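The values are calculated or read from the model by the stated rules, or taken from the named source; none is laboratory data. What you are looking at is a predicted structure, and each value in this text was computed from that prediction instead of being measured. As a convention, Cβ positions derive from the backbone with ideal geometry for all residues, glycine included, and neighbour counts pool all protein chains shown.
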Amino acid sequence: MAMSTPSSIHPPTRTLTEFIGPVSRSARMRSIARDIALRLLSVRSQSDQNSIRFPFYHHIFEDEQKGFTRQLKEMLNFGDFIGLDNAVAILEEDLPIDGRYFCITFDDGLASCAWSAAPILSEMQIPAAFYVISNFVDCSLPPGDPIARTVFGFKGRKTALDFMSWKQVRELAESGFTIGSHTADHICLADLDDEAAGNQISKSKTDIEKNTDQQCIHFCPPYGIPGKHFDLKRETATVKDLGFASLVCGVRGPNKTGANPFSIKRDHLLANWGQHQLRYFLGLD
Ligand SMILES: [Zn+2]
């Protein structure tokens, strides 16, 4: 369960540099080697024209804004942006996907996305969806809180992990952004029985709708790998029963004509990745 801490106790984390702390030499070398490998691979990546790609991010800190803007501009060189409702409608209606489209989403409802990503998206008139964890909204995990590591996998951080407030979530919804559910507590649904897994989904939907005055019809299971982190068949039945229109995964790849709106593939990105990494992971050529 999320423990709420008044944010006045510690300053919010505004930059990636603070957030990740010092980077070791070996980590830097691994990153350089990876970049070189991707430079070579990006030349040979598969063309995925006529598809919808769902790039997704977790955080956009202030020192990632430049990289994020650059990536959005790069995507615009290859296709058009589309909102989640429209993307899902295309899949639902089995409409032919003629062209390359990008649908931007964010997981976990971290405050940096409201501060640093939303203004850029608004300025560029790009639609996006934010999957929030209802019990973590209005929370800030203090530096060193084990939940940051055990639940969110952020290793060795010395800074706070700040989530959006309900006020921010409501403002995003009112600005036309989509708010989706990422469960109530960000628990691996595969570890839960049918009733507990269902409650994680229904409680978050109810809380999001109450706080935004808008319907919440898009679901994103934590950790994202079907068969490992959640039961695709069971969770699909639950979300359909509850009136959701889509379920997105953490499996990479393009969604082509006829793709299932209840197992949408997405591509995880980091805003500081360069052009070669972006092109490789989004299959741009
Ligand atoms: Zn998550």
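So is GLY176 of a type outside the set (Val, Ile, Thr), within 16 Å of the ligand (Cβ to nearest atom) and more than 16 Å from PHE152 (Cα to Cα) or not? The answer is no for GLY176. Please find, within segment 254-285, the residue that is farthest from PHE19 (Cα to Cα) out of those that are of a type in the set (A, V, I, L, M, F, W, C) and in a loop (DSSP other than H, G, I, E, B). So, considering only residues that are of a type in the set (A, V, I, L, M, F, W, C) and in a loop (DSSP other than H, G, I, E, B), the one farthest from PHE19 (Cα to Cα) is ALA259. Counted as qualifying within segment 115-224 are the helices (runs of 4 or more DSSP H) with 1 or more residues that are in contact with a Phe, Trp or Tyr (Cβ under 9 Å, 6 or more places away or on another chain), closer than 22 Å to THR236 by Cα and in contact (Cβ under 8 Å) with a residue 40 or more places away in the chain, namely 194-212. Does PHE152 satisfy being within 15 Å of the ligand (Cβ to nearest atom), surrounded by 23 or more Cβ atoms within 10 Å (Cβ to Cβ) and not small (Gly, Ala, Ser)? No.
Okay, residues lined up against (1) farther than 16 Å from GLY109 by Cα; (2) among the β-branched types (Val, Ile, Thr):
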site	(1), (2)
SER181	no, no
CYS188	yes, no
LYS203	yes, no
THR212	no, yes
CYS216	no, no
PRO226	yes, no
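When we screen ASP107, ASP80 for residues that are away from the ligand (no atom under 16 Å from the Cβ), of a type in the set (Asp, Glu) and closer than 28 Å to VAL169 by Cβ, the only hit is ASP80.
Yes/no per residue for (1) more than 19 Å from the chain's Cα centre (by Cα); (2) of a type in the set (Asp, Glu); (3) over 23 Å from GLU93 (Cβ atoms):
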site	(1), (2), (3)
ALA173	no, no, yes
ASP231	yes, yes, yes
ASP241	yes, yes, no
LEU247	no, no, no
LEU270	no, no, yes
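Selection of segment 231-255 for residues being among the aromatic types (Phe, Trp, Tyr) and farther than 21 Å from THR178 by Cβ yields an empty set. Annotation: of all residues in segment 229-243 being among the hydrophobic types (A, V, I, L, M, F, W, C) and in a helix (DSSP H, G or I), the one that is surrounded by the most Cβ atoms within 10 Å (Cβ to Cβ) is VAL239. Count of segment 244-253 residues, restricted to those that are part of a loop (DSSP other than H, G, I, E, B) and within 15 Å of HIS229 (Cα to Cα), is 3. Here's a check for you: in segment 68-109, which residue that is touching a residue at least 60 places away in the same chain (Cβ under 8 Å) and of a type in the set (Val, Ile, Thr) is nearest to MET164 (Cα to Cα)? Checked segment 68-109; the qualifying residue nearest to MET164 (Cα to Cα) is THR105. For segment 244-285, filtered to residues that are at pLDDT below 95, of a type outside the set (S, T, N, Q) and touching a Leu at 6+ places or on another chain (Cβ under 6 Å), the residue that is surrounded by the fewest Cβ atoms within 10 Å (Cβ to Cβ) is HIS276. Could you tell me whether segment 126-144 includes any residue that is at pLDDT 95 or above and over 18 Å from SER181 (Cα atoms)? Yes: segment 126-144 contains one or more residues that are at pLDDT 95 or above and over 18 Å from SER181 (Cα atoms). The C-beta contact set for segment 254-273 (first residue in contact (Cβ under 8 Å) with a residue 40 or more places away in the chain, second residue surrounded by fewer than 16 Cβ atoms within 10 Å (Cβ to Cβ) and not in a loop (DSSP other than H, G, I, E, B), distance under 7 angstrom, 6+ apart or interchain) comprises PRO261/GLU92. Among residues that are within 16 Å of the ligand (Cβ to nearest atom) and not hydroxyl-bearing (Ser, Thr, Tyr), ILE187 is included.
The set of residues in segment 199-239 that are away from the ligand (no atom under 16 Å from the Cβ) and more than 22 Å from ALA129 (Cα to Cα) comprises ASN199, GLY227, ASP231, LYS233, ARG234, ALA237.
A residue that is within 16 Å of the ligand (Cβ to nearest atom) and within 27 Å of ARG157 (Cα to Cα) occurs nowhere in segment 62-71.
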